[in-house]
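What follows is a set of notes on a single structure, which appears directly below.
The values are calculated or read from the model by the stated rules, or taken from the named source; none is laboratory data. Not measured: the values here are computed from a predicted model. Note that each Cβ is placed from the backbone with ideal geometry, even for glycine, and that neighbours are counted across all protein chains shown.
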Amino acid sequence: MNSLKEEKQEAYEKAVDSLARYKFMMFGYWAAIWVHLNQIDSDKASNPFKDLVLKARAIQHEPPRQTPQ
């Protein structure tokens, strides 16, 4: 059986791989798995997706982009 640390690492790697391949639903799935595992881990880590969250918040405050027609 894998340790909790190994399970979190696997979830992180699968989340990043999913995002890199435009598999957004799978990214959300694996990111949520990582968050859940981190919540039950006695050795909590900082969220590795924090920079992505901050970037998304910055994009929210940008003026709307024109979409090609």
Problem set entry | Residue count, the range 33-68 (criterion: under 22 Å from residue 18 (Cα atoms) and either outside any helix (DSSP H, G or I) or of a type in the set (Val, Ile, Thr) (or both)) | 9
Exercise. Quick one: what pairs do we get from the range 23-49, first residue at pLDDT below 95, second among the basic types (Lys, Arg), C-beta under 8 Å, 6+ apart or different chains?
Worked result: 43/5
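Let's see how each residue does on (1) among the hydroxyl-bearing types (Ser, Thr, Tyr); (2) surrounded by 10 or more Cβ atoms within 10 Å (Cβ to Cβ):
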site	(1), (2)
12	yes, yes
25	no, no
29	yes, yes
32	no, yes
35	no, yes
46	yes, no
60	no, no
